[in-house]
Amino acid sequence: MVKIPVRSGAVIRRWPWFLPILIGAILRFVYWREYAASPLFEFAIGADVGEYDARAHEILSGVWMPAQLDIHGPLYSFFLAFAYWITGISIPAVRLLQLVVNWMAAAVLPWGVYRWGNIPRRIALVFLWSSMVVTTPFFYQAELVSEALLLPLIALTILLLYRFDSETVPRRRFVWSALGGLAGGLVAVTHPMSLLFVGFEAFSCLRNAARRRAGVLFLIGAALPIVLASSVNSVIAHRMVFIQGNSAFNLWLGNNPNATGGCYIRPGSEWSQVHRHAENVARERGISVDRHFLGEAADFWIHSPLRAVGLVLKKAVMIFSPGELPSGADSDFLVRYTKIQRFGAILTLPLFLFCAWGIVVALRRKMWCCDHFGLLLLAGFLAQLITVTSGRYRMMMMPAIFFFAAVGIESIPWRRPRYWLLGTGLLLLGTFVAAPRFSRGQTEAAELFGEVALRRGELHDARRYLSFALPGSHDAARLRNMLGIIHWNLGDTEKAEAEFRRIAAETPDEHEAFMNLALLLAEQPSRRAETAAAFDAALARFPDVADLQYNYGRFLQDEERWVEAEAAYRRAVELQKMHQPALVGLGIVALHDDRPAEAVKWFEQALALTPGDPRLIRNLAFACRAAGDESRARALEKKAAEINNSSITPPPR
């Protein structure tokens with residue numbers, strides 16, 4: 001019998017790497033299971049989240065170029081579409097996939113900087129432990145936002161840069177430099193705030209004569225995705241647009257007389273009013289909205305320089321505050337929904353303090369091997385000084401924060417008891433600071449929970465959530481509109497009508513109440529004239545709202561005014577290229593007019609947005625049979641029969 005030798009020394013050397021990676025995987029899975037208790041777990045609802053979701057569905061249906069100017073970095077939408085494709089549009093599966101991708105990046109980065117960056121092994125191991133057990137980034141890694149892709153791409157960029165630093169063969173150095181630039185460009189088109197990091201890395205190469213040619217290749221690689229994204233948006237907007245539209249809004253948000261340093265205007269009526277005002281002013285002056293916001297921010301600095309400097313100093317402190325500064329709909333309550341996230345909140349303050357000490361240690365020791373992390377930390381810091389501070393934007397800095405915290409922790413002689421007391425004291429301080437934040441932001445969370453309950457058809461729960469959120473809401477009109485829909489579905493049409501009329505009178509710039517009032521009147525045959533007048537008034541005020549055009553088309557279809565209904569549906573599709581209900585409407589009109597081949601085309605486009613919808617599959621089967629394609633019709637009917645109907649039933653309005 002042959003004995004297989006056991007390399008016990010290799011196992012001993014490797015277990016310090018494998019253990020934290022295993023613990024990190026377990027923590028992420030536990031977080032995902034805990035998050036499953038959230039009403040939001042199976043839905044793409046919230047600021048930015050809904051927009052990324054809608055764009056990903058468009059991409060899945062074959063619309064590679066958006067119909068309107070993309071106001072987000074475009075790359076994440078393509079990643080989300082790919083994630084939908086491989087998971088069958090399962091949002092829980094996508095959340096898990098994103099956690100796994102980030103876990104892999106967090107596992108590989110410390111090993112890579114140890115292997116190619118001449119980083120001491122102990123620092124690399126502490127870096128690995130920090131990346132694995134500090135749960136602060138989990139929320140954003142599981143959310144349908146660009147930060148879920150940002151950290152893996154930053155890790156890839158840094159790894160390629162360290163690989164470039166360690167390479168001795170000139171030709172290979174050029175290859176690694178170009179690849180590092182390409183990864184940096186992908187980071188920039190995922191989140192344009194990271195452009196500073198890419199610029200700093202390019203400047204670092206170009207200022208060194210020995211690395212100048214490699215720096216040029218780095219710039220060329222970075223320029224490829226940036227130029228592509230900018231060109232697409234420029235073609236759509238018919239003017240020069242850099243990566244994304246409306247990018248100057250965040251600059252204005254952090255530099256105006258009312259700014260607080262954070263995202264002080266929450267999504268809602270005030271948010272909408274600011275954008276509408278900017279659009280009106282830009283239209284009157286013949287300039288872009290971005291140029292308007294840039295001018296407003298410049299005027300603030302010119303006319304109030306002392307106040308502007310004070311605001312910058314305030315942001316400099318806020319960036320490293322232990323709280324998760326909210327951005328968009330990411331309230332503290334949502335970020336801290338799970339117990340694991342609360343644990344992460346306790347570690348945030350000690351982590352930042354160790355990071356600060358690690359920067360001091362790195363400067364004292366002249367650890368130039370830390371330069372890539374130093375540039376990343378500086379870029380994230382300056383980006384938030386220029387715009388706004390938030391926990392979400394701080395995600396760009398997290399690899400650098402973990403790294404410098406590892407430098408600080410490794411430098412402390414932990415064998416001495418007094419330093420263990422110091423560590424214990426920091427944990428207690430972190431607990432004291434983080435505890436009051438666990439319940440903040442319940443109002444915004446209740447708004448989202450209420451919207452989910454309404455989509456599920458759980459009307460009483462929806463009313464309870466929305467009624468709780470209404471007094472402190474930043475978007476009271478929208479909440480009252482949803483409450484009106486609930487009254488409507490519960491059969492109290494008088495109360496619903498009164499609610500819609502009240503909203504229309506108090507907030508005439510919001511189209512939902514006008515549209516819902518017309519739809520409510522349309523259900524009452526004796527009030528058809530009022531319905532037509534309500535639609536005419538709504539369309540005169542809001543001609544560019546796709547939902548309104550679609551619902552007007554439905555009204556016309558019910559009136560058997562098929563030609564006018566088709567025109568309304570086509571207008572909705574012009575405004576929103578993949579407006580699924582309007583596509584279905586066009587298919588129905590085509591069938592009515594005995595154009596089954598055209599109906600097949602419309603139903604196929606609608607089905608591409610939600611491939612597993614049995615109702616749309618049956619519609620397509622009916623159209624195929626009308627077009628003479630009996631075999632395909634039978635196959636589609638069989639597929640529809642095999643699909644279990646979803647337990648989530650949307651409300652009828």
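Is it the case that some residue within the range 133-141 is over 23 Å from Ser90 (Cβ atoms) and not in a loop (DSSP other than H, G, I, E, B)? Break it down into steps so the answer makes sense when it comes.
Taking the range 133-141 and keeping what is over 23 Å from Ser90 (Cβ atoms), we get 133-136.
Narrowing the set further to residues that are not in a loop (DSSP other than H, G, I, E, B) leaves 133.
Looking through the range 133-141, at least one residue is over 23 Å from Ser90 (Cβ atoms) and not in a loop (DSSP other than H, G, I, E, B).
Looking at (1) outside any loop (DSSP other than H, G, I, E, B); (2) crowded, with 18+ Cβ neighbours inside 10 Å; (3) in the same structural domain as Ile71 (by TED's automatic domain parsing), which one does Val235 not meet, given that it meets all the others?
(2)
Whether any residue in the range 106-118 is aromatic (Phe, Trp, Tyr), crowded, with 19+ Cβ neighbours inside 10 Å, free of Cβ contacts under 8 Å to residues at least 60 places away in the same chain and on the phi < 0 side of the Ramachandran plot is what I want to check.
Scanning the range 106-118, I find at least one residue that is aromatic (Phe, Trp, Tyr), crowded, with 19+ Cβ neighbours inside 10 Å, free of Cβ contacts under 8 Å to residues at least 60 places away in the same chain and on the phi < 0 side of the Ramachandran plot, so the answer is yes.
Can you confirm whether Arg394 is assigned by TED's automatic domain parsing to the domain that holds Ile119, in contact (Cβ under 8 Å) with a residue 24 or more places away in the chain, under 30 Å from Leu186 (Cβ atoms) and of a type in the set (Lys, Arg)?
yes
Just to verify a result, which residue in the range 239-274, among those that are closer than 22 Å to Thr443 by Cα and of a type in the set (Phe, Trp, Tyr), is surrounded by the most Cβ atoms within 10 Å (Cβ to Cβ)?
Ranking the qualifying residues of the range 239-274, first place goes to Trp271.
Only one of these is among the hydrophobic types (A, V, I, L, M, F, W, C) and modelled with pLDDT of 90 or more: Ala47, Ala93. Name it.
Details: Ala47 fails: modelled with pLDDT of 90 or more.
Testing whether each residue is among the hydrophobic types (A, V, I, L, M, F, W, C) and modelled with pLDDT of 90 or more leaves just Ala93.
Could you name every one of the helices (runs of 4 or more DSSP H) located completely within the range 286-390 that has at least 2 residues being over 21 Å from Ala188 (Cβ atoms)?
Filter on the range 286-390 gives 289-303, 305-318, 332-335, 339-365.
When you scan the range 319-326, do you find a residue that is of a type in the set (Ser, Thr, Tyr) and either buried (at least 19 other Cβ atoms within 10 Å of the Cβ) or within 22 Å of the chain's Cα centre (by Cα) (or both), even just one?
no
Somewhere in the range 50-71, is a residue out of contact with any Leu (no Cβ under 6 Å at 6 or more places or on another chain), surrounded by fewer than 19 Cβ atoms within 10 Å (Cβ to Cβ) and at pLDDT 90 or above?
Checking the range 50-71: not a single residue is out of contact with any Leu (no Cβ under 6 Å at 6 or more places or on another chain), surrounded by fewer than 19 Cβ atoms within 10 Å (Cβ to Cβ) and at pLDDT 90 or above.
Name the residues in the range 197-223 that are aromatic (Phe, Trp, Tyr) and within 24 Å of the chain's Cα centre (by Cα), would you?
Of everything in the range 197-223, just one residue is aromatic (Phe, Trp, Tyr) and within 24 Å of the chain's Cα centre (by Cα), namely Phe197.
Condition first: in a helix (DSSP H, G or I), without any contact (Cβ under 8 Å) to a residue 40 or more places away in the chain and of a type outside the set (Phe, Trp, Tyr). Can you find one or more residues in the range 60-73 that meet it?
The answer is no, given that none of the residues of the range 60-73 is in a helix (DSSP H, G or I), without any contact (Cβ under 8 Å) to a residue 40 or more places away in the chain and of a type outside the set (Phe, Trp, Tyr).
Residues in the range 15-29: is at least one over 20 Å from Thr136 (Cα atoms), assigned by TED's automatic domain parsing to the domain that holds Leu96, surrounded by fewer than 18 Cβ atoms within 10 Å (Cβ to Cβ) and in contact (Cβ under 8 Å) with a residue 60 or more places away in the chain?
Within the range 15-29 (the criterion being over 20 Å from Thr136 (Cα atoms), assigned by TED's automatic domain parsing to the domain that holds Leu96, surrounded by fewer than 18 Cβ atoms within 10 Å (Cβ to Cβ) and in contact (Cβ under 8 Å) with a residue 60 or more places away in the chain), the answer is yes, since at least one residue qualifies.
Only residues that are surrounded by fewer than 17 Cβ atoms within 10 Å (Cβ to Cβ), touching a residue at least 24 places away in the same chain (Cβ under 8 Å) and under 21 Å from Ala565 (Cα atoms): list them for the range 582-631, please.
Of everything in the range 582-631, those that are surrounded by fewer than 17 Cβ atoms within 10 Å (Cβ to Cβ), touching a residue at least 24 places away in the same chain (Cβ under 8 Å) and under 21 Å from Ala565 (Cα atoms) turn out to be His592, Asp593, Ala597.
Can you work out which of the residues in the range 527-544 that are under 32 Å from the mean Cα position of the chain (by Cα) and buried (at least 20 other Cβ atoms within 10 Å of the Cβ) is nearest to Ala599 (Cα to Cα)?
For the range 527-544, the residue satisfying everything is Leu539.
List pairs: first residue in the range 228-253 and within 23 Å of Gln384 (Cβ to Cβ), second residue surrounded by fewer than 21 Cβ atoms within 10 Å (Cβ to Cβ) and among the charged types (D, E, K, R) anywhere in the structure, Cβ distance under 6 angstrom, at least six positions apart or on different chains.
Going by the 6 Å Cβ cut-off, the qualifying pairs are Trp252/Glu296.
Taking into account only those residues within the range 28-44 that are closer than 16 Å to Arg456 by Cα and aromatic (Phe, Trp, Tyr), which is modelled with the lowest pLDDT?
Checking each candidate, the answer is Phe43.
Basic (Lys, Arg), under 23 Å from the mean Cα position of the chain (by Cα) and either under 17 Å from Leu427 (Cα atoms) or modelled with pLDDT of 85 or more (or both) - does that describe any residue in the range 361-384?
Looking for residues that are basic (Lys, Arg), under 23 Å from the mean Cα position of the chain (by Cα) and either under 17 Å from Leu427 (Cα atoms) or modelled with pLDDT of 85 or more (or both), one finds none in the range 361-384, hence no.
Between a residue in the range 406-419 that is in a helix (DSSP H, G or I) and any residue that is of a type outside the set (A, V, I, L, M) and crowded, with 19+ Cβ neighbours inside 10 Å, which pairs come within a Cβ distance under 6 Å, given they are 6 or more apart or on different chains?
Listed pairs, sorted by first residue: Ala406/Phe127; Ala406/Ser130; Val407/Gly358; Gly408/Phe354; Gly408/Gly358; Ile409/Phe354.
Quick grid of which residues meet (1) part of a helix (DSSP H, G or I); (2) closer than 22 Å to Ala406 by Cα; (3) within 20 Å of the chain's Cα centre (by Cα); (4) among the aliphatic types (A, V, I, L, M):
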{"site": "Ser131", "(1), (2), (3), (4)": "yes, yes, no, no"}
{"site": "Ala155", "(1), (2), (3), (4)": "yes, yes, yes, yes"}
{"site": "Trp176", "(1), (2), (3), (4)": "yes, no, no, no"}
{"site": "Leu182", "(1), (2), (3), (4)": "yes, no, no, yes"}
{"site": "Leu195", "(1), (2), (3), (4)": "yes, no, yes, yes"}
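Read through the list (1) within 30 Å of Gln576 (Cα to Cα); (2) modelled with pLDDT under 90, then give the number of the only condition that Gly9 fails.
Of everything listed in (1) within 30 Å of Gln576 (Cα to Cα); (2) modelled with pLDDT under 90, Gly9 misses just condition (1).
List the pairs whose first member sits in the range 344-359 and is without any contact (Cβ under 8 Å) to a residue 24 or more places away in the chain, whose second member is charged (D, E, K, R) and assigned to a helix (DSSP H, G or I), and whose Cβ atoms are under 7 Å apart, counting only residues at least 6 apart or on separate chains?
Going by the 7 Å Cβ cut-off, there are no qualifying pairs.
Is it true that some residue in the range 160-173 is of a type in the set (A, V, I, L, M) and without any contact (Cβ under 8 Å) to a residue 24 or more places away in the chain?
Residues of the range 160-173 of a type in the set (A, V, I, L, M): 160-161, 169.
The next check asks that each one be without any contact (Cβ under 8 Å) to a residue 24 or more places away in the chain; those that pass are 160, 169.
Checked against the condition, which is being of a type in the set (A, V, I, L, M) and without any contact (Cβ under 8 Å) to a residue 24 or more places away in the chain, the range 160-173 yields at least one hit.
Of these, Val145, Val100, Val126, Val133, which one is out of contact with any Ser or Thr (no Cβ under 9 Å at 6 or more places or on another chain), under 16 Å from Phe373 (Cβ atoms) and assigned by TED's automatic domain parsing to the domain that holds Glu201?
Val126
Restricting attention to the range 205-222, and to residues there that are among the small types (Gly, Ala, Ser) and crowded, with 17+ Cβ neighbours inside 10 Å, which single residue is nearest to Asp70 (Cα to Cα)?
Checked the range 205-222; the qualifying residue nearest to Asp70 (Cα to Cα) is Ala222.
Which of the residues spanning the range 486-511 are under 29 Å from the mean Cα position of the chain (by Cα) and surrounded by fewer than 23 Cβ atoms within 10 Å (Cβ to Cβ)?
If the condition is that a residue be under 29 Å from the mean Cα position of the chain (by Cα) and surrounded by fewer than 23 Cβ atoms within 10 Å (Cβ to Cβ), then Thr507, Asp509, Glu510, His511 are the ones that fit.
The values are calculated or read from the model by the stated rules, or taken from the named source; none is laboratory data. Everything quoted here is computed from the prediction, not taken from an experiment. Here Cβ is always computed from backbone atoms with ideal geometry, including for glycine, and neighbour counts include all displayed protein chains.
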